[in-house]
Every structure is written in structure tokens, then in C-alpha cells.
Amino acid sequence: MTAPIRFPRFFVTSPAPCPYLPGRSERKVFTELRGENADELNEALGRIGFRRSQTVAYRPSCLDCQACVSVRVVAGEFKPSSSQKRTIKANSDLVVSECRPWATDEQYELLRRYLAARHPGGGMAEMDESDFADMVEHTPVSSFLVEYREPGVGSEPGRLVGACLTDVQGDGLSMIYSFYDPEIEDRAGLGNFIILDHIRRAADSGLPYVYLGYWVEGSERMQYKVRYRPLERLSRSGWERMPEAEQKRHIATATAARKGRVGDSLPAKDGNQLEYKLAD
């Protein structure tokens, strides 16, 4: 007789200020990922819009807002734009390594520089070494960390300039959190290059999608996600492709918003540290 599969228990967080849209509040529904079926549960939940944070899968469950929309790139059909081709060429010398999810001091120092320059005062700004280790190492699912380094000298590895914690699902790669060196002025598009590299990795592995998390229309720092085509979004009726004309309009809006800003900025992910304070 086969033992019954435990249905996950879901909980709801208390309302908190929305990190993406001023004047709004956010609420999340979450469940724990554990046991021998954690990979299967994480993948099933990922297909209906959940994201992973350490041993928890969560998704927005706001009472009066549905602005957060799950998006994924169709890796096998992706064609880089002219600017994306330039980004790939500019960073083609980087040494890219797939590592086990194990935190290092070098990674943490890179994260600190990234947060200080790109997201001071954000939800992860006070993350210490222990918090970072928890983020990287406390994973009950199939994960790896990709490191991006400049060419080394002899047997010495080059400087670490980017990294991304990534989950492997049956239908694609889910980018949990990426960060990069914000001070390299002569290496354009590092944040975008990390996404482009994941799209290539997925396509080379025969995986159809790269999950980018939540796209929030109206939030400037989330508009970078619409630049990757073709893009699918999760609606009430399931995953659907964003019409080309609509995506072009969003890309034009995102491009206009970037004018006047210095450097490449990959905005904050939707992986802010989740506080598990239940609603009353």
C-alpha cells in the first residue's frame, strides 16, 4: 500500500508596505519545501507563479492588487536584439563556472557592493554573512550557483564580477537571485548578460523556459524583464505569450525610462527576504 502524499499547508503573511508600488501593501501566501518530494512541489508551484526563498515557496496574495505577474522567457525561440548582441560580445571573455550552492566570502563581498550601489535601504541591505549563507545553501531543491569571472593570470582565477543562484526545474531554469559588480564602468550590461547566459544555458540543455520572477507594470525597476522576447506571462487562464505589439510598447517605455541613468542596473529581484509573520 502506497503512503499518501502530504498536501502542503499554506500560510498568509501579514500586510506590509509594497516594495514596488508606492502607497500599496503586499501580502504573500507561502508553504514549506521539504522532504523527498521538494523538487516536484517546487516545480509544480513554480508553474503557477510561486517563487522560492530558501526552504519556502511563496507568491503574492494581495487583497486589492494583481500587479505582480509571473513571466518567463521562451529560451528556444529567443533572438537577441542588437543591444543584447553587443552585451554578449562585450562580456564574451568572462569565465563562467557552474558551482554547487555554497556561499563564499568573495561572493558575499560582491553582494555587499552590489546592494550598497544599487539598492541602499532595500529589504536585503542589512544582510550579513550568515543571512547570505542561508540564502545560498538552505535549498531543499536542485540548485546551483553560476559565477562570472574576468580572465585569470596563470592558475589564479580572475576577479569575481557576477553570480546567480539558480534552481533547475523540469521545464527550465528559475533565476532566484543575481548580483554583479556595479563599479566596472568599462563592462556594460553585466546584469543583462547574466540573464542572456541563462537563456543560452536553458536552450543548450533543451529546457524550454527561463523564469524571471515577477514583472510589475508601473514599477520602473521591474521593466527590464520585458526586454527578452518572446516572453510569456501567467494569467488566470494559464501561461500566455505577450503579444509582440504590446511587448514592443513596454520595451519602448522601459528604454525611455532608462535614458539619463548611468550604468547598467539590474533592478531588485522579487526575492526580498520573506518575513514569515502570519496574518491575524
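The values are calculated or read from the model by the stated rules, or taken from the named source; none is laboratory data. This is a predicted model, so every value here is computed, not measured. Every residue, glycine as well, gets a Cβ built from its backbone with ideal geometry; the counts of neighbours run over all protein chains shown. We work out accessible area using only protein heavy atoms, side chains counted, and drop any ligands, DNA or RNA first. Shrake-Rupley method; radii C 1.70, N 1.55, O 1.52, S 1.80 Å.
Tyr148 is checked against (1) touching a Gly at 6+ places or on another chain (Cβ under 7 Å); (2) under 19 Å from Lys225 (Cα atoms) and fails just one. What number does that condition carry?
The failed condition is (2).
Mind listing whichever residues of region 15-36 are polar (S, T, N, Q) and within 20 Å of His138 (Cα to Cα)? It would help to see each step written out before you state the result.
As a first pass, look at region 15-36 and keep what is polar (S, T, N, Q): 25, 31.
Of everything in region 15-36, just one residue is polar (S, T, N, Q) and within 20 Å of His138 (Cα to Cα), namely Thr31.
Can you tell me which residues in region 108-119 are hydroxyl-bearing (Ser, Thr, Tyr) and either under 16 Å from Leu190 (Cα atoms) or open to solvent by 40 Å² or more (accessible area, probe 1.4 Å) (or both)?
First, the residues of region 108-119 that are hydroxyl-bearing (Ser, Thr, Tyr): 108, 114.
Within region 108-119, just Tyr114 meets the criteria.
Do you know which residues across region 227-247 are assigned to a helix (DSSP H, G or I) and either surrounded by fewer than 16 Cβ atoms within 10 Å (Cβ to Cβ) or touching a Lys or Arg at 6+ places or on another chain (Cβ under 9 Å) (or both)? Give the steps one after another, and end with the answer.
From region 227-247, those assigned to a helix (DSSP H, G or I) are 227, 244-247; that's our starting set.
Once the filter is applied, which keeps residues that are assigned to a helix (DSSP H, G or I) and either surrounded by fewer than 16 Cβ atoms within 10 Å (Cβ to Cβ) or touching a Lys or Arg at 6+ places or on another chain (Cβ under 9 Å) (or both), region 227-247 yields Glu244, Ala245, Glu246, Gln247.
Each row is one residue, and each column tells you yes or no for (1) closer than 30 Å to Gly152 by Cα; (2) out of contact with any Leu (no Cβ under 8 Å at 6 or more places or on another chain); (3) in contact (Cβ under 8 Å) with a residue 24 or more places away in the chain.
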site	(1), (2), (3)
Phe10	no, yes, no
Cys18	no, yes, yes
Thr31	no, no, yes
Gly35	no, yes, yes
Val74	no, no, yes
Lys79	no, yes, yes
Ser92	yes, yes, no
Val96	yes, yes, yes
Arg100	yes, no, yes
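If you go through region 255-270 one residue at a time, do you hit one that is modelled with pLDDT under 95, more than 25 Å from Tyr114 (Cβ to Cβ), polar (S, T, N, Q) and open to solvent by 20 Å² or more (accessible area, probe 1.4 Å)?
no
Being open to solvent by less than 40 Å² (accessible area, probe 1.4 Å), touching a strand residue (DSSP E or B) at 6+ places or on another chain (Cβ under 7 Å) and part of a loop (DSSP other than H, G, I, E, B) narrows it down to one of Gly162, Gly158, Gly122, so name that one. Explain how you work it out, then say what you get.
Numbers: Gly162 fails: part of a loop (DSSP other than H, G, I, E, B); Gly122 fails: touching a strand residue (DSSP E or B) at 6+ places or on another chain (Cβ under 7 Å).
Within the list Gly162, Gly158, Gly122, the selection yields Gly158.
Answer yes or no as to whether Asp134 is under 14 Å from Arg52 (Cβ atoms), open to solvent by 10 Å² or more (accessible area, probe 1.4 Å), in contact (Cβ under 8 Å) with a residue 12 or more places away in the chain and out of contact with any Cys (no Cβ under 7 Å at 6 or more places or on another chain). Outline the logic, then answer.
Numbers: under 14 Å from Arg52 (Cβ atoms): yes; open to solvent by 10 Å² or more (accessible area, probe 1.4 Å): yes; in contact (Cβ under 8 Å) with a residue 12 or more places away in the chain: yes; out of contact with any Cys (no Cβ under 7 Å at 6 or more places or on another chain): yes.
Spelling it out, Asp134 is indeed under 14 Å from Arg52 (Cβ atoms), open to solvent by 10 Å² or more (accessible area, probe 1.4 Å), in contact (Cβ under 8 Å) with a residue 12 or more places away in the chain and out of contact with any Cys (no Cβ under 7 Å at 6 or more places or on another chain).
In region 165-186, which residue that is open to solvent by 30 Å² or more (accessible area, probe 1.4 Å) and in a loop (DSSP other than H, G, I, E, B) is modelled with the highest pLDDT? Can you show your working first?
So in region 165-186, the residues open to solvent by 30 Å² or more (accessible area, probe 1.4 Å) come out as 168, 170, 183, 185-186.
Imposing the further condition that a residue be in a loop (DSSP other than H, G, I, E, B) reduces the set to 170, 183, 185-186.
Details: Gly170: 94, Glu183: 86, Glu185: 75, Asp186: 77.
Looking at the filtered set, the residue picked out is Gly170.
If I ask for residues that are farther than 13 Å from Val141 by Cα and touching a residue at least 60 places away in the same chain (Cβ under 8 Å), which ones from region 37-72 would you list?
Kept after step one, since they are farther than 13 Å from Val141 by Cα, are these residues of region 37-72: 47-50, 58-72.
Result: Arg47, Ile48, Gly49, Tyr58, Pro60, Ala67, Cys68, Val69, Ser70, Val71, Arg72.
Count, please, the residues in region 139-155 that happen to be among the acidic types (Asp, Glu) and outside any strand (DSSP E or B). Write out each step before concluding.
So the first thing to find is which residues in region 139-155 are among the acidic types (Asp, Glu), and the list is 147, 150.
Retained after the next criterion (residues that are outside any strand (DSSP E or B)): 150.
Total meeting the criteria: 1.
Condition test on Val136, is it outside any helix (DSSP H, G or I), at pLDDT 95 or above and aliphatic (A, V, I, L, M)?
On the way: outside any helix (DSSP H, G or I): no; at pLDDT 95 or above: yes; aliphatic (A, V, I, L, M): yes.
Spelling it out, it is not the case that Val136 is outside any helix (DSSP H, G or I), at pLDDT 95 or above and aliphatic (A, V, I, L, M).
Out of everything in region 208-226 that is farther than 17 Å from Thr166 by Cα and in a helix (DSSP H, G or I), what residue ends up being most open to solvent (accessible area, probe 1.4 Å)?
Within region 208-226, the subset farther than 17 Å from Thr166 by Cα is 215-224, 226.
Narrowing further to those that are in a helix (DSSP H, G or I): 220-224, 226.
Details: Glu220: 101, Arg221: 79, Met222: 0, Gln223: 21, Tyr224: 12, Val226: 0 Å².
Across region 208-226, the extreme among qualifying residues is Glu220.
Can you pull out every residue in region 108-119 that is part of a helix (DSSP H, G or I) and not hydroxyl-bearing (Ser, Thr, Tyr)?
Going through region 108-119, the residues part of a helix (DSSP H, G or I) turn out to be 108-118.
Within region 108-119, Glu109, Leu110, Leu111, Arg112, Arg113, Leu115, Ala116, Ala117, Arg118 meet the criteria.
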